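> One structure, pasted below without further comment.
Values quoted throughout were computed directly from the atomic coordinates according to the rules given, and no laboratory measurement underlies them. The structure displayed is predicted, hence computed values, not measured ones. Please note: Cβ atoms are built from the backbone with ideal geometry, for glycine as well, and neighbour counts cover all protein chains shown.
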Amino acid sequence: MKSLIIKKFTDLKETILNLDSNSNSNSNSNSKVKNINLPLDYYDAEIPDIKDDEVLIKIGACAVCHTELDEIEGRITPIKLPVIPGHQIVGRIIKKGKNVKKLKESDRVGVGWINSACGKCRYCKNGLENLCANFVATGKDVNGGYAEYTKVKENYAVLIPDGFTDEEASPLLCAGAVGYRSLKLTGLTNGFNLGFLGFGASNHLVLKIAMALYPDSKLFVFARSSNERNLAKKLGAYWTGDTADTPPEKINAIIDTTPVWRPLADILRHLAPSGRLVINNIRKENYDIECLKNIDYARDIWMEKEIKSVANVTFNDIKEVVDVAYRFNIKPQIEIYSLLDANNAIFDIKNRKINGSKVLKIS
Ligand SMILES: [Zn+2]
Ligand SMILES: [Zn+2]
């Protein structure tokens, strides 16, 4: 089967610089292009064998996540390389193991970041399998969805209702699900102000979900690019501004999806008393970490303000976000790439050319 793999860690900044200098030079460019390390390699992989409790899925679409960038650049490390990345998979079951009871062939299902958890530990037993020490992540610890087929245990495949195309449903599985978990972790009450720091694939989807679940709350969007701010306004944000701007009101909860530190350091002062900032990032890039020295306790932390991270997702988060999206007819804004064009999708994320969720259309 066709697949794309991460073979080794790659510094994308360097690759992009090399690509740019190649496209600017008109002689010998072919031989130079050959020397460039693309982050993903084509690989003709075996179609996976399934166990008794697993289903085999023919993939229709797989959305691209910033986490793939973290894996490629080595900020989070797969158990072994090479690995097929991708954890926002939608496809149809074409084969099932003999112990599979709830799902049948031809069911359309989704697979998110949670591939499995132990099911026995304190966290798993209390609905927090996202924190399980044996959490297995799709597209990191096991092969994911940048491929024509994948497999998963039936308990971790969510049914996808009609009403979405494969491409529309796929970003719900991480951008949507982790965003939805972040929204739950804010502890927001309807009517209180909610802010978004960064407005990429996840937050634009969470804004739509927040409008449905907290109809009386005012929504504030901080984003560097005017494109993102315009999109936020169009979708119904009450206020939009740059990450360094001052909003007209204090904000009770803020979801941060920016990959760096400065916006976070700038925004804490706008939290209301008891306000909570939820960081929805698996890692932050550390080149601007020095700016944290500017955090002022009295201005930025005092008055019971909180900072909290969101880690992974539970299977319930995925089920609930698919259900909320279906009930309120929420669809992500998407940009479609072919499977073999995945390197360009990755470069576009690195270069912050983001206009909604990037999705690989696979079949
Ligand atoms: Zn993701
Ligand atoms: Zn566990």
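> Residue farthest toward the positive end of the dipole of the chain, with Cβ of Lys/Arg at +1 and Asp/Glu at -1: which of Gly236, Ala157, Ile282?
The one lying farthest along the dipole's positive direction is Ala157.
> Check each of the chymotrypsin sites (Phe, Trp or Tyr not before Pro) in segment 295-354 and keep only those in coil by DSSP with at most 10 other C-beta atoms within 10 angstrom; list them in order.
Loop-located and lightly packed - Trp302.
> Which links in Lys101/Lys153; Lys13/Lys233; Lys151/Lys353; Lys7/Lys104; Lys102/Lys208; Lys95/Lys125 stretch past 23 Å when you go from one Cα to the other?
Check vs 23 Å cut-off fails for Lys13/Lys233; Lys151/Lys353; Lys7/Lys104; Lys102/Lys208; Lys95/Lys125.
> Over segment 161-210, consider all pairs of different Cα atoms and compute the Kirkwood hydrodynamic radius from their mean reciprocal separation; express it in Å, one decimal.
Here the Kirkwood hydrodynamic radius works out to 11.7 Å.
> Rounded to the nearest 500 deg cm²/dmol, what is the calculated helix-only ellipticity per residue at 222 nm for the chain, with -39500 (n - 2.57) per DSSP H run of length n ≥ 4?
-7500 deg cm²/dmol
> Using modelled amide H (1.01 Å from N, peptide plane; none on Pro or chain starts), what sits under 5 Å from the amide H of Lys358, excluding residues fewer than 5 places away?
Val64, Glu335
> Let me ask something else. Report the Cα-based extents of segment 109-257 along its three principal axes, largest first, to the nearest Å.
Here the spans come out as 48, 36, 28 Å, largest first.
> Using the Cα gyration tensor of segment 176-309, with a ≥ b ≥ c the square roots of its eigenvalues, what is the shape: rounded (a/c below 1.5), prolate (a/b larger than b/c) or oblate (neither)?
rounded
> Still on this model: Could you tell me the largest-minus-smallest coordinate of the C-alpha atoms of the chain on each of the three principal axes, in descending order and whole angstroms?
Its Cα atoms span 60, 57, 37 Å along the three principal axes.
> Cut-off under 20 Å on the C-alpha distance; same-chain residues fewer than 8 positions from Lys331 excluded. Which aspartates and glutamates are left, in chain and number order?
Asp162, Asp166, Glu167, Glu168, Glu228, Asp317, Glu320, Asp323
> Check cross-link reach from Lys8 to the lysines: straight Cα distance under 18 Å, and skip same-chain residues fewer than eight apart.
Cα-Cα hits under 18 Å: Lys34, Lys80, Lys140, Lys350.
> At Asp323 and Lys80, where each label point lies 7 Å from the Cα along Cα→Cβ, what is the point-to-point distance in nanometres?
Between Asp323 and Lys80, the label points sit 3.8 nm apart.
> Moving on. How much length is gained if the chain between Asp49 and Leu235 is pulled fully straight, taking 0.36 nm per residue apart and subtracting their Cα-Cα distance, in nm to one decimal?
62.6 nm
> Ok, one more. When DSSP assigns beta bridges and you keep just the ones with both residues in the chain, what percent turn out antiparallel, to the nearest 5?
Among the beta bridges of the chain, antiparallel pairing accounts for roughly 55 percent.
> Hey, another quick one. By how many nm would the segment from Ile36 to Asn155 grow when fully extended, if each residue of separation counts as 0.36 nm and the alpha-carbon distance is taken off?
38.7 nm
> How much length is gained on full extension from Leu213 to Glu105, taking 0.36 nm per residue of separation minus their Cα-Cα distance?
Going from the current span to full extension adds 35.5 nm.
> Taking other Cβ within 10 Å of each residue's Cβ, how do Phe164, Phe220, Phe192 sort, fewest first?
Final ranking by Cβ density, sparse to dense: Phe192, Phe164, Phe220.
> Can you tell me, using C-alpha contacts under 8 Å and at least 6 residues apart, the relative contact order of the chain as a whole percent?
This gives 19 percent for the chain.
> Determine which aspartates and glutamates satisfy two conditions relative to Lys2: a Cα distance under 13 Å, and not lying fewer than 8 residues away in the same chain.
Asp41, Asp44, Glu46, Glu148, Asp341
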